[in-house]
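J.: Below is the structure I would like to discuss, written out as structure tokens.
The values are calculated or read from the model by the stated rules, or taken from the named source; none is laboratory data. All values reported here derive from a predicted model rather than from experimental measurement. Please note: Cβ atoms are built from the backbone with ideal geometry, for glycine as well, and neighbour counts cover all protein chains shown.
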Amino acid sequence: MSNPDVSDVSDVSDVSDVIVVMGVAGTGKTTIGPLVAAGLGVPYAEGDDFHPPVNIAKMSAGVPLDDADRGPWLDAIGAWAHERAGRGGVVSSSALKRAYRDRLRAAAPGVVFLHLTGDRALIEERMAGRRGHFMPAALLDSQFATLEPLGRDEAGVAVDVSGSPERIAGRAVAALRAMTAPA
Ligand SMILES: Nc1ncnc2c1ncn2[C@@H]1O[C@H](COP(=O)(O)OP(=O)(O)OP(=O)(O)O)[C@@H](O)[C@H]1O
Ligand SMILES: O=C(O)[C@H](O)[C@@H](O)[C@H](O)[C@H](O)CO
């Protein structure tokens, strides 16, 4: 099937890799991540929950995080990924720079990235419709400016975020299964 729905794959639960759902703010990590975790039969952790309050306050005030702000947050996510190694899990983290992904890989060497990619206009529109979230859409420029897409040597897949969450998650699970299947 060319466009599997996530329900097609939700009965299989043998993925032992830890998946980091990455991408700019508003790309759908919080929406798609739990669906991918359900499809793989593994637990989901929300990356925003690992931020210290000072980071949330900074973003709420419209100020982008810098490398120093993101360090302890990445380490907390890396610790979760390490703890799940060999048992599987899905965790969200913007992981915008390669150096941030290097830091996550240092903590959890087998980690695989799922990059949710999308058109800036689409993501901005979705962010504008989001209510009660600390992240202002005004920070989207800095998110795209900071983003370094996956390199060819980085374990991971990129999935476009057009369409329904179920369709996106279905494509993501299929792509992850294809790349993590034993040779
Ligand atoms: N495929 C989709 N179709 C329609 N709306 C979507 C889709 N995916 C996400 N959304 C909506 O877009 C908004 C942003 O999605 P979400 O909060 O999941 O992004 P995020 O990457 O987790 O953002 P952040 O990094 O800022 O926490 C939400 O209001 C969500 O409901
Ligand atoms: O690296 C960053 O700039 C931050 O982690 C953000 O990406 C937020 O976590 C998230 O996007 C807010 O909703």
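J.: Return yes when Arg70 is out of contact with any helix residue (DSSP H, G or I) (no Cβ under 6 Å at 6 or more places or on another chain), within 24 Å of Val173 (Cβ to Cβ) and surrounded by 19 or more Cβ atoms within 10 Å (Cβ to Cβ) and no when it is not.
T.: no
J.: Quick one: is Tyr44 within 10 Å of ligand 2 (Cβ to nearest atom) and either among the hydroxyl-bearing types (Ser, Thr, Tyr) or at pLDDT below 95 (or both)?
T.: no
J.: When the range 114-132 is examined, which residues are found to be within 8 Å of ligand 1 (Cβ to nearest atom) and out of contact with any helix residue (DSSP H, G or I) (no Cβ under 8 Å at 6 or more places or on another chain)?
T.: Arg126, Gly129, Arg130, Arg131
J.: Follow-up. In the range 151-183, which residues are assigned to a loop (DSSP other than H, G, I, E, B) and away from ligand 1 (no atom under 16 Å from the Cβ)?
T.: Across the range 151-183, the qualifying residues are Gly151, Arg152, Asp153, Glu154, Ala155, Ala181, Pro182, Ala183.
J.: Still on this structure, please answer the following. Would you pick out the residues in the range 50-62 that are surrounded by fewer than 17 Cβ atoms within 10 Å (Cβ to Cβ), without any contact (Cβ under 8 Å) to a residue 40 or more places away in the chain and within 10 Å of ligand 2 (Cβ to nearest atom)?
T.: none
J.: I would also like to ask the following. For the range 99-119, how many residues meet the condition of being part of a helix (DSSP H, G or I) and surrounded by 14 or more Cβ atoms within 10 Å (Cβ to Cβ)?
T.: 6
J.: So in the range 125-148, with the set limited to residues that are exposed (fewer than 15 other Cβ atoms within 10 Å of the Cβ) and touching a residue at least 24 places away in the same chain (Cβ under 8 Å), which one is farthest from the chain's Cα centre (by Cα)?
T.: This residue is Ala138.
J.: Is it the case that Ala106 is within 11 Å of ligand 1 (Cβ to nearest atom) and more than 15 Å from the chain's Cα centre (by Cα)?
T.: Taking the combined requirement at face value, the residue does not satisfy it.
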